[in-house]
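Worksheet: one structure, shown below.
The values are calculated or read from the model by the stated rules, or taken from the named source; none is laboratory data. Not measured: the values here are computed from a predicted model. Cβ coordinates were reconstructed from backbone atoms using ideal geometry, including for glycine residues, and neighbour counts include every protein chain displayed. Side chains are part of the model used for accessible areas, which takes the heavy atoms of the whole protein and leaves out ligands, DNA and RNA. Shrake-Rupley method; radii C 1.70, N 1.55, O 1.52, S 1.80 Å.
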Amino acid sequence: MNEIFKQQVWEITKLVPKGRVTSYGAIAKAVGFPNHSRHVGKAMGGCPKDVPAHRVISSSGTLSVPEFQSRLEAEGIEVENLRVKNFKNLFWNPLEEL
């Protein structure tokens with residue numbers, strides 16, 4: 001995975017509004033690599049502190065990183081059994097909202 005891809009992933013992720021979530025797949029599509037959601041996940045692993053990685057979750061609404069639950073809840077997002085409640089309503093699609 002190259003640095004340009006990582007930078008693009010991080011830039012899109014910075015745009016996810018507080019109190020909303022998106023998916024690894026949606027970010028992958030937004031940067032032009034629709035089948036690379038796993039690469040997005042890897043890029044999030046080493047992202048800078050100003051990238052809200054906690055707002056990027058699986059397309060099923062499940063948290064991939066359990067430690068992010070408290071950060072999401074601090075933004076008013078309800079999480080139960082590691083799943084975001086009202087996922088469809090809170091979902092931010094960069095292709096539609098940018």
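Restricting attention to the stretch 35-49, report how many residues are at pLDDT 95 or above and part of a helix (DSSP H, G or I).
Summing the residues that are at pLDDT 95 or above and part of a helix (DSSP H, G or I) in the stretch 35-49 gives 8.
For the condition of a type in the set (Val, Ile, Thr), open to solvent by less than 30 Å² (accessible area, probe 1.4 Å), at pLDDT 95 or above and closer than 20 Å to LEU82 by Cα, what is the one hit in ILE12, ILE27, ILE57? Working first, answer last.
On the way: ILE12 fails: closer than 20 Å to LEU82 by Cα; ILE27 fails: closer than 20 Å to LEU82 by Cα.
None of the other options fit; the residue is ILE57.
Quick grid of which residues meet (1) outside any helix (DSSP H, G or I); (2) open to solvent by 20 Å² or more (accessible area, probe 1.4 Å); (3) farther than 19 Å from ASN93 by Cβ; (4) in contact with a His (Cβ under 9 Å, 6 or more places away or on another chain):
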residue	(1), (2), (3), (4)
THR22	yes, no, no, no
GLY32	yes, yes, no, no
SER64	yes, yes, no, no
GLU67	no, yes, yes, yes
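Listed residues ARG20, ARG38; which is charged (D, E, K, R) and out of contact with any Leu (no Cβ under 7 Å at 6 or more places or on another chain)? Lay out the reasoning, then the answer.
Values: ARG20 fails: out of contact with any Leu (no Cβ under 7 Å at 6 or more places or on another chain).
Just a single option satisfies the conditions, and that option is ARG38.
Show the residue pairs that are 6+ apart or on different chains and have beta-carbon atoms under 9 Å apart, the first residue being within the stretch 76-98 and without any contact (Cβ under 8 Å) to a residue 60 or more places away in the chain and over 18 Å from HIS54 (Cβ atoms), the second being small (Gly, Ala, Ser) and not in a helix (DSSP H, G or I).
Pairs that qualify, where the first residue is without any contact (Cβ under 8 Å) to a residue 60 or more places away in the chain and over 18 Å from HIS54 (Cβ atoms) and the partner is small (Gly, Ala, Ser) and not in a helix (DSSP H, G or I), are LYS88/GLY61.
If a residue has to be of a type in the set (Lys, Arg) and either at pLDDT below 95 or more than 14 Å from the chain's Cα centre (by Cα) (or both) to count, how many in the stretch 60-81 make the cut?
Applying the first criterion (of a type in the set (Lys, Arg)) to the stretch 60-81 yields 71.
Cutting the leftovers down to either at pLDDT below 95 or more than 14 Å from the chain's Cα centre (by Cα) (or both) gives us none.
So the count comes out to 0.
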